[in-house]
Each structure stands twice: as C-alpha cells, then as structure tokens.
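Okay, structure first, notes after.
The values are calculated or read from the model by the stated rules, or taken from the named source; none is laboratory data. This one's a predicted model, so the numbers in the text were calculated from it and none came from an experiment. Using ideal geometry, Cβ is built from the backbone for each residue, glycine included, and neighbour counts are taken over all protein chains shown.
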Amino acid sequence: AQSVTQLDSQVPVFEEAPVELRCNYSSSVSVYLFWYVQYPNQGLQLLLKYLSGSTLVKGINGFEAEFNKSQTSFHLRKPSVHISDTAEYFCAVSVGQGAQKLVFGQGTRLTINP
Amino acid sequence: DGGITQSPKYLFRKEGQNVTLSCEQNLNHDAMYWYRQDPGQGLRLIYYSQIVNDFQKGDIAEGYSVSREKKESFPLTVTSAQKNPTAFYLCASSIFLGSSYEQYFGPGTRLTVT
C-alpha cells in the first residue's frame, strides 16, 4: 500500500528565512504528488503538483518542490517565508485505479516567528 | 463563483444521535469525497463517489453512511455507531486532468459530540 511520511510535525522558522518541509512516499509504481496548505479552520488549498516532466515544480505563494524518484521524496521549499505562511502543510500521493484517491501525510505545522 | 460549500461550519450533537453533514459543489465534478481530520493524523478517507448513485468505502467507513442522488450533492451521515465522531470533516470534489485527478476542498464542518 502506498504511504506518505512527513518527517517533521512542527517547523518553527524566523520571518524571511528559508524553509524546507520534508515528504517521503512509498510506492512501487508511477506516482502523482501534491502539496496542500491549510489555514486554521479552513479547507485545503492546492499549492503545487507533480504529474510528470520537470522534477522541479513551482507553485503558488513562492513555493516549489522537487521530485526525487531515487530517494522517493517530494520536499517543499520556499527561499524566504512570511508571517502569512503560517499554516499546516500536507503532502499527498494519488492512488487507486485512475489515481482518483489521495493518501495524505500527517501534516507539518509551519510557524513563522517575527 | 464555483466552489464547494459545506454547512454548517460548526455542529454540536448529543451522543447517540445521528447527524448529517451537507456538501454541495457547482464545479460540475464527477467525483466527490469525504475525509475526516484529527490532530496529528492528517486526512483519512471515509467514502468517495465517482458517479451518481455509486460510492465506495474509504479507509474508515465504519459508523458513516453516504448517498449520491445528485451530481452536485454528497451528504455524509455520522451514525451513533461511530465510536469517536468528534472531528473536522472535509468534503472534496475532483476533476480528471488526463493522467490524474485534482481534488478541490470545501471549508469543512467541525462536529462536536458530547
């Protein structure tokens, strides 16, 4: 069964510092990978996705992620964070026939300190 | 505006009562999903439906029921058989991108059962 592991449950960072949120997945087949962001008491918003092609994927709000097949990783990065980036971030992999379902990691809470 | 609506945002019930959570979408998406979110556990799939009048159990379907009588509606009933129903419930719908589905989420309903 496919699974997703987010290695850090909480990441505190100072404003304007770079950040990396780590995500590893297990799969024996081709995968499609996603990062979602959730602000307090809200639904999830898609940040970026990897379906095929270039392994460096750019998303909204200045985030990017790199797909590394050999390390089965899909880490999320931002070179300079803002207070408004404080949120919970979820990595997900699509599974099932036609890849219609998602399996989510446990989430990483990103806290930006001034 | 197109999107997914969930109502109400907060719901309180007494133990032993069934409760139905509403989910409506006007995105014309075929597939819809229900997830449960608990702190530190990410999102877990309860049920999903790919077409009208058809739905499949997810990973934690016990104690829940759904119906899909209309394309735009996918209500979730939390029955008294669900042992720990207090949680944040998220509804999603998805569109096929040619190789994978992309899921869009509603704002969620926070259910508290006492």
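Things worth noting here:
- Tally, over region A:8-47, of residues that are away from chain B (no Cβ under 11 Å), more than 13 Å from A:Arg109 (Cβ to Cβ) and either of a type in the set (Phe, Trp, Tyr) or surrounded by fewer than 19 Cβ atoms within 10 Å (Cβ to Cβ) (or both): 14
- Region B:42-69: number of residues that are of a type outside the set (A, V, I, L, M, F, W, C) and over 19 Å from B:Gln103 (Cα atoms): 7
- The set of residues in region A:16-65 being aliphatic (A, V, I, L, M) and part of a loop (DSSP other than H, G, I, E, B) consists of A:Ala17, A:Val29, A:Val31, A:Leu51.
- Any hit, region B:23-40, residues being touching an Asp or Glu at 6+ places or on another chain (Cβ under 7 Å), without any contact (Cβ under 8 Å) to a residue 60 or more places away in the chain and part of a loop (DSSP other than H, G, I, E, B): yes
- Of all residues in region B:1-36 being aromatic (Phe, Trp, Tyr) and surrounded by fewer than 17 Cβ atoms within 10 Å (Cβ to Cβ), the one that is farthest from B:Ala81 (Cα to Cα): B:Tyr10
- When region A:83-114 is limited to residues that are more than 14 Å from chain B (Cβ to nearest Cβ), at pLDDT 95 or above and assigned to a strand (DSSP E or B), the one that is surrounded by the most Cβ atoms within 10 Å (Cβ to Cβ) turns out to be A:Leu110.
- Flag for B:Gln25 being farther than 23 Å from B:Thr112 by Cα, more than 10 Å from chain A (Cβ to nearest Cβ) and not aromatic (Phe, Trp, Tyr): yes
- Residue satisfying all of: in region B:87-114; over 14 Å from the mean Cα position of the chain (by Cα) and more than 8 Å from every other protein chain (Cβ to nearest Cβ); surrounded by the fewest Cβ atoms within 10 Å (Cβ to Cβ) among these: B:Gly98
- Summed over region A:73-82, the residues that are assigned to a loop (DSSP other than H, G, I, E, B) and either within 13 Å of chain B (Cβ to nearest Cβ) or surrounded by 16 or more Cβ atoms within 10 Å (Cβ to Cβ) (or both) give a count of 1.
- Region B:44-59, subset assigned to a strand (DSSP E or B) and over 11 Å from the mean Cα position of the chain (by Cα), residue nearest to the other protein chains (Cβ to nearest Cβ): B:Gln50
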